[in-house]
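Right, one structure below, let's go through it.
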């Protein structure tokens, strides 16, 4: 390719920098969002996997007991019986003063050797301190460096055992290494686990497990498994390590797929922007193309020079986008990690490290997208032999022809999408494929619908010359107006879809909380919500609580992880209020509701939550083998109820059923108190608090409103990242419509100059341009409503059900829909301000001289 | 030198333009340039102090080579560009005293322009193109506008093509539409910039004849820029633009410029 040809082509960058900047912004934002979400996802994923792996260590099996743990004497018996490859563990979540949730792993440092890697790679010096100094704890590798603390610090930890001051030791310093120079296989990785390792005795105090263990890790040969299982007492179970954490892993993955889909949507919208500006870049230079062709430059060279420019834009945009993406990922990763912590497992991520593979993938994506967007304009440019051939007229005629073909393709895609939904093919990924088929179909249908809408509108304003010019001009620039409108429609539809999903979800959760919280007051362990699972209160408090509060009814509930034939499952054992089933949001039952309470108390029967039924593919009448008091028994599923408290799903069992043949659970997770009608709740709270202080147990009294507030705060945190992505998507769409309107008006500059020379005032020109922006905005907003509602429905009925097993009532958030419509129209009007200002101020004579 | 300008002290641009468009008492030159000079940004001066007057009903041609400044003179006359020095008076109003909006209002009331490359609005039908100046410059209602535009189209021989779009017409037909559009609101002055430049000689001849016929019929003044001395010779007066200076052509010597 001739250097002069290249120069002739690229010098346009200096003449029209704004167009190039807009194209670059499209690539930059598209690449940045995809990379940021990918990095945040990967970092959280690694932190999660690492936490799970480090908790399990090199163990092949674990001995597990009830939620309140089991007697530590069993560990001694086990070793004495010859099982020496064993390590006792006490574990649970806790909270730092700054609110961060951490995971405390209490180990016997002397037995740990063969089990854990980086997390408990604690070296000789710390071992001595951990064992000899109570209240010492090793934060994860890198914590001291990140927090800026010296080698030793003191903190108050809040956990199941209440508040305790602990001494934090820097494991690197204790080994005479420099600060943060941890040994091990990448322990200094900034997305290391949030495991805080301590001696088992300290953990027992922190987590309220004095004299008890949560589990024993074992390394067993295949032939040893059966022998040990047979030797265990009834309340203990031997489980293979790989069965733990599977459900949480799958759920965390579903959450990440949701985020990735959102980021791809942002990229798709950026693709429209890139396509639009690339087409414009070629059209603006049709004279250059014609002149080059006339002096003998071949079609291939023209094709090549356009693609080369796209390559340059792609490379520059991708490099800048990658830099922005890494910065954005720092913001996102904190939110992703918080969500994983809220719902699945405590992880801590202090930063992101771009992996070469992720960078390479996003590089290919950004550059590939730029090249793909330039292919059509490059082909147009190469095909043309004269200025007339490269003009808009030819392109627009072809665009109008394409619109019909695209509409045909759209109908095929829409039918394919509907087919996938109806047949339920492909589960979660299938749901997303169906979603993208529907989006693609809808978007491909838009040019045709837009063309007919504009024709109809032009007919409506026949005789009103200026509006007619505005509308007809849009229709005649379909190759420009359709992609811009599609970009805006897509962004607005995504906003509506997410609003429908989040609104429906939020509404359902609020309703569920209202139904589930049937007590007037709750007494719970004084631990953070995410750390409450393992904390227990004495069963014997019931009488005291009634005496202090005057409660007419006291319920209790305890969640524990138990072994079942479906792996480890969360079991919620309740001693409910008499009328509890009236309030439980039952979806279906195997027996009449009036008989359900008696069956649940008298028989081996349970209820399961909707997510549990979905994840474990169980239904009414199925039987679950569960570890209850006295050992494993088969329980019949008598009902499925709605629950948003645990995405992994929960089995609900009455205390009467649990305790049949054995003792009730050791300790209570929470008490619910119903006060007499007209009782003063404030007084009851005061008396209870005074009484609790005397009990010297860390417990607190909460009201349903507090729990609702806390739950909704977690809910809102979960969706904060979705809102952020929604805003980014709208920004990209705004830039797309701005670029399209600028292009549209610049192409029509000669027309505007003619109108001005005929006597149209500058204000009239501004009005025309703003009217065009308004028409596109209103069309995009109206088109976004059905697409957005469809996306919302699909997210609720297919994707969330497949991903999380959550069902929810569809609520149409008309206020948000209205806001989004106004936002779309407003964005389009705002985007038309700059081109309107430019057109009204342009010099007429040069514009009149432009080649038509 | 007296400018003959009708000044309206204390009026804003809108009021001035309205007064101008309403006024029918003005009897001085339709167009008057006094020492008008102009340079495009970053370039040398194109017009060097041009003095020129166009009487009501007078038809004047300006000939000259490419780049001599003929079209620029037309742009100054239409108020599309503002003179750097000197004065330009349109229908008695000094353009220098008007802001952009007032200049536009004056132009749409008093001037009709015929361009070399037609400049029809592609998104409007032929009839709508002709209706446009009526909509911008008059209070006529839609029915009146339609009726007047239809009449004007018939006058240029395109009465049956009002519903077509410009792209469906030949070059000659498009220029007929442009002439109809320039005349439909009965301006005082028609400015024609190479109106036959994009047409073959035979069509050009026809279009030129039509333009003259229509101008005569309406009684307005005509200032026409052309390369063709032959066509120019058919007007009342021919001036030659040479290097930005307006000179009396030999053929019409004796007639004051």
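Every number here is computed from the coordinates shown, using simple stated rules; none is lab data. Because the structure is predicted, anything quoted here is derived from the model rather than measured. Cβ placement follows ideal geometry from the backbone for every residue including glycine, while neighbour counts extend to all protein chains displayed.
Each label was represented as a point 7 Å from its Cα along the Cα-to-Cβ direction; for residue A:515 and residue A:683 these points are 3.5 nm apart.
Spacing of the modelled spin labels on residue B:154 and residue A:625, each 7 Å from Cα toward Cβ, amounts to 10.0 nm. Label-to-label distance, residue B:85 versus residue B:100, with points set 7 angstrom from Cα along the beta-carbon direction: 2.7 nm. Each listed q (0.09, 0.12, 0.13 Å⁻¹) maps to a log10 I(q)/I(0) for region A:538-696 from the Debye sum over equal C-alpha point scatterers, namely -0.32, -0.56, -0.65.
Rounded to the nearest 0.05, what FRET efficiency do residue A:694 and residue A:353 give with R0 = 45 Å and r taken as the Cβ-Cβ distance? Could you check? According to the calculation, E is roughly 0.30. Taking every alpha-carbon pair under 8 Å whose residues sit at least 6 apart, region A:583-698 reaches a relative contact order of 28 percent.
For region A:538-696, DSSP calls about 70 percent of its internal beta bridges antiparallel. Applying 1/(1 + (r/R0)^6) with R0 = 22 Å to the Cβ-Cβ distance of residue A:110 and residue A:232 gives a FRET efficiency near 0.40.
Please report how far the C-alpha centroid of region A:419-476 lies from that of region A:707-762, rounded to the nearest whole angstrom. Using only Cα atoms, the two centres lie 18 Å from each other. If a spin label sat at a point 7 angstrom from the Cα of residue A:459 along the line to its beta carbon, the backbone N atoms of region B:149-164 nearer than 18 Å would be those of B:163-164. If R0 is 51 Å, the Cβ-Cβ spacing of residue B:147 and residue B:65 corresponds to a FRET efficiency of close to 0.70.
If you take the square roots of the eigenvalues of the alpha-carbon gyration tensor of region B:24-100 and sort them as a ≥ b ≥ c, do you get rounded (a/c under 1.5), prolate (a/b over b/c) or oblate? Taking the square roots of the gyration eigenvalues as a ≥ b ≥ c, region B:24-100 is oblate. Neighbour counting of Cβ atoms within 10 Å sorts the residues A:583, A:644, A:572, fewest neighbours leading, into A:583, A:572, A:644. Counting neighbouring beta carbons within 10 Å and listing from fewest to most, the residues A:167, A:754 come out as A:167, A:754. Per residue of peptide A:746-758, the mean number of Cβ atoms on other chains within 10 Å of the residue Cβ is 5. Each part gets one Cα centre, and for region A:665-696 versus region B:122-162 those centres are 87 Å apart. Based on Cα contacts under 8 Å between residues 6+ apart, region B:13-252 shows a relative contact order of 28 percent.
Among A:130, A:478, a tally of other beta-carbon atoms within 10 Å of each Cβ gives an order, fewest to most, of A:478, A:130.
When only alpha carbons are used to place a centre, region A:772-801 and region B:165-194 end up 47 Å from one another. Need one word for region B:13-252: rounded, prolate or oblate. Basis is the Cα gyration tensor (sqrt eigenvalues a ≥ b ≥ c); a/c below 1.5 gives rounded, then a/b vs b/c decides. Oblate shape, in that a/c is at least 1.5 and b/c is the bigger or equal ratio. Let me make sure I get this right: for region B:135-191, a, b and c are the square roots of the gyration tensor eigenvalues over alpha carbons, sorted descending. Under 1.5 in a/c it's rounded, otherwise prolate if a/b > b/c, else oblate. Which is it? Oblate is the answer for region B:135-191, as a/c is 1.5 or above yet b/c matches or exceeds a/b.
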